[in-house]
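Accompanying notes for the structure given below.
Read-outs: derived from the displayed coordinates by stated rules, not from any lab. In this text the structure is predicted, and so the values were computed from the model without any measurement. Positions of Cβ are backbone-derived with ideal geometry, glycine not excepted, and every protein chain shown enters the neighbour counts.
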Amino acid sequence: MRKDATRFGFDSLKLELEEKLFGQHLATEVILKALTGFKNNKNPKKPLTLSLHGWAGTGKNFVSQIVAENLHSKGLKSNFVHLFVSTLHFPHEHQIKLYQDQLQGWIRGNVSACASSVFIFDEMDKLHPGVIDAIKPFLDYYEEVDGVSYRKAIFIFLSNAGGDLITKIALDFWRAGRKREDIQLKDLEPVLSVGVFNNKHSGLWHSGLIDRNLIDYFIPFLPLEYRHVKMCVRAEMRARGSAIDEDIVTRVAEEMTFFPKSEKIYSDKGCKTVQSRLDFH
């Protein structure tokens with residue numbers, strides 16, 4: 001076996017998500033369940049396909065990084081983990097056919113080299129509609145496609161699309177005096193899949209991936225509250241080896257802007273600018 005070994009530990013993934021991901025009880029629960037079920041299945045019927053949705057700074061990229069590290073020892077640096085960024089890898093609308101061919105060839109080659117390859121597609125909301133449908137045959141319930149089995153591969157889509165729908169439901173709960181932790185997947189997933197399918201800016205607009213039910217989970221990332229931003233600041237301080245200074249934690253959190261205008265509950269950038277803001281303190 002090559003040095004860059006495949007590995008999966010439920011406990012280490014659980015611990016990492018609980019310690020480093022804030023305010024995302026749904027994402028933590030669903031990702032743990034999905035990955036554990038998939039990795040424990042010796043003969044999955046199709047690849048695992050997850051679609052992560054929510055505003056910027058809520059933890060989607062962070063989670064995909066944690067997942068990659070728990071599947072392959074080198075994480076995003078692994079030869080078996082592949083990150084595509086829509087605006088970087090598929091920028092031109094007039095080259096959709098070329099991108100589709102490249103994508104198919106790239107995925108086929110990598111899964112041939114490692115059956116449990118991981119493919120992460122970032123900025124799905126900026127992907128030209130139609131590009132992603134090129135990979136539909138690989139996500140379907142086929143034993144093999146042209147002699148290659150894709151059933152042990154994992155595909156993860158990251159998208160801001162659906163962020164407004166997620167916020168609306170979170171806000172409805174808050175206004176009704178219900179706890180954020182009471183929001184369940186069934187409150188969000190159906191709305192999300194329909195919303196993303198009908199959203200021209202989702203990369204999955206009218207996609208066969210949704211039509212054919214090839215996405216196993218639509219995972220909502222909730223907007224972050226003031227208390228979660230403070231958790232992010234503390235975690236960043238710990239990561240830097242600094243002592244936790246609650247005055248600085250409060251100052252950084254208070255520099256963030258919050259919405260909606262009347263209630264100011266949710267950070268509009270999530271925890272995205274925490275690192276750069278901490279540099280000033």
**Complete:** GNM of the chain, Cα pairs under 10 angstrom: of His128, His53, His89, the biggest fluctuation goes to His89
**Asked** Among the aspartates and glutamates, which fall within straight-line cross-link reach of Lys264, defined as a Cα-Cα distance under 18 Å, with same-chain neighbours fewer than 8 residues apart omitted?
**Response** Asp164, Asp172, Glu225, Glu254, Glu255
**Item:** Extension gain from Asp11 to Ser149, taking 0.36 nm per residue of separation minus the Cα-Cα distance
**Value:** 46.8 nm
**Prompt:** How about Lys77: which lysines have a C-alpha closer than 17 Å to its C-alpha, ignoring those fewer than 8 places off in the same chain?
**Reply:** Lys3
**Fill in**
Bridge orientation stat for the chain from DSSP, antiparallel percent rounded to 5, came to 20
**Option label - semi-axes √(5λ) of the Cα gyration tensor in Å computed here, alternatives [x] 40, 27, 17; [y] 29, 25, 20; [z] 32, 22, 18** = [z]
**Request:** Any chance you could give the angle, 0 to 90 degrees and rounded to 10, that helix 60-71 forms with the longest Cα principal axis of the chain?
**Result:** 60
**Complete:** Excluding residues fewer than 8 positions from Lys152 in its own chain, the aspartates and glutamates with Cα under 15 Å of it are Asp140, Glu143, Glu144, Asp216
**Request:** Distance check, please: which entries in Lys97/Lys136; Lys20/Lys168; Lys136/Lys269; Lys20/Lys74; Lys45/Lys126 exceed 22 angstrom between their Cα atoms?
**Result:** Lys20/Lys168; Lys136/Lys269; Lys45/Lys126
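Multiplying the sequence separation of Lys77 and Arg251 by 0.36 nm and subtracting their Cα-Cα distance, what value in nm do you get?
On the way: separation 174, 0.36 × 174 = 62.64 nm, distance 3.48 nm.
Length gained, Lys77 through Arg251: 59.2 nm.
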**Fill in**
Scanning the chain, every Cys lacking a C-beta partner under 4.7 angstrom -> Cys114
**Cα-based helix-to-principal-axis angle, 10-20 vs the chain, degrees rounded to 10** = 40
**Prompt:** For the chain, what does -39500 (n - 2.57) per DSSP helix run (n ≥ 4), summed and divided by total residues, give at 222 nm, in deg cm²/dmol to the nearest 500?
**Reply:** -13000 deg cm²/dmol
**Two-site FRET efficiency, Phe259 against Lys179, from Cβ-Cβ distance with R₀ of 25 Å, rounded to 0.05** = 0.80
**Request:** Measure out, as a whole number of angstrom, how far apart the alpha-carbon centroids of segment 147-194 and segment 220-281 sit.
**Result:** 23
**Item:** Using alpha-carbon coordinates, inclination of helix 163-175 to the longest axis of the chain, degrees
**Value:** 40
